[in-house]
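This report refers to the structure that appears directly beneath it.
Rule-based calculations on the coordinates, nothing more; no lab input. Every value quoted in this text rests on a predicted model; they were computed, and no experiment measured them. We place every Cβ from the backbone using ideal geometry, glycine too, and count neighbours over all the protein chains shown.
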Ligand SMILES: [Zn+2]
């Protein structure tokens, strides 16, 4: 089944909650980048978080770039999201596999690192994009996104992100939830939520048992306290094209392009998000230089 995200209100709007099944999205990322277990889990969790954050904070043509830059072996993780529910991303070092941690889970913290930062740049169609940045507080990513929302956006939240990787590196399930506390939420509701979160199994485990995003919201709040507002498809999608790369090349110094023409007799551009390659012949490069001059 295709991936989708569900938006809901709980306790008469005291909480806003989102849940997503992103299994196909993370599978696509795993295939494009040939990620090994720890890289799949970390990139997957960041993809899930970006789907949730984009839905919670973007509208219309809005887009965002999430960067996780820790001191672990993965290097940087970069994910782009938008208001239409598509994401694309990559991790600097995709062949990372580590021994399981003391909870017998994939060691995401060990792969990401514990020192570094998480940044979110939002382009809301205004003049300047807005960037919020926080230091990493955990490296497991769920807590780091929770901290980002509290610190940078002043929204008390709970974030659950989870990817189940099979022994052969394929993805069995991936998903997550985001709960935002609205102003005026009562202590009673917050206490209930805390208790529920304490006992909640991992999202990927619940999904392995066949639970849908709707079921997970019901498990969090009980049927009578949750109101489903919307359900929308989400997916991994790369919108790169030869034209876009040509535009990017046009902004390079002319000497660089001349060098590609004279020394390399052409150029190949690689898309980090989907690994597609675009080849430019000498003639095409000359055309790029000519067009850049005319602008
Ligand atoms: Zn691409």
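With a/c under 1.5 counting as rounded, go ahead and sort the stretch 22-99 into rounded, prolate or oblate using the C-alpha gyration tensor (a ≥ b ≥ c being the square roots of the eigenvalues; past the cut-off, prolate if a/b is larger than b/c, else oblate). Prolate shape, in that a/c is at least 1.5 and a/b is the bigger ratio.
Subtracting the Cα-Cα distance of residue 290 and residue 114 from 0.36 nm times their residue separation leaves 58.6 nm of extension gain. Net length available on complete extension from residue 258 to residue 83 is 59.1 nm, with 0.36 nm assigned per residue and the Cα-Cα distance removed. Put in order of Cβ neighbour count within 10 Å, fewest first, the listed residues 90, 148, 278 become 278, 90, 148. Choose one answer from 33, 95, 265: the residue with the largest mean-square fluctuation in a GNM of the chain with alpha-carbon springs under 10 Å. Greatest mean-square fluctuation among the candidates belongs to 265.
For the pair the stretch 10-72 / the stretch 187-264, the C-alpha centres are spaced 3 Å from each other. Taking the 0 to 90 degree range and rounding to the nearest ten, how far is the long axis of helix 23-33 tilted relative to the main principal axis of the chain, both from C-alpha atoms? So the inclination is approximately 30 degrees. In the stretch 224-295, one over the average inverse separation of all distinct C-alpha pairs is 14.6 Å, which is the Kirkwood hydrodynamic radius.
Once the Cα-Cα distance is subtracted from the 0.36 nm per residue extended length, the residue 143 to residue 200 segment shows a gain of 19.0 nm.
Comparing 39, 56, 269 in a Gaussian network model of the chain, where Cα atoms under 10 Å apart are tied by springs, the biggest mean-square fluctuation is seen for 269. Result for the chain in a Gaussian network model with C-alpha springs under 10 Å: among 188, 223, 61, the largest mean-square fluctuation is at 188. When restricted to Cα atoms, the chain yields an Rg and a Dmax of 20.9, 71 Å, respectively. Between 0 and 90 degrees, the angle of helix 37-57 with respect to the longest Cα principal axis of the chain falls at about 80 degrees. Taking the 0 to 90 degree range and rounding to the nearest ten, how far is the long axis of helix 282-294 tilted relative to the main principal axis of the chain, both from C-alpha atoms? In the chain, helix 282-294 runs at an angle near 80 degrees to the longest axis.
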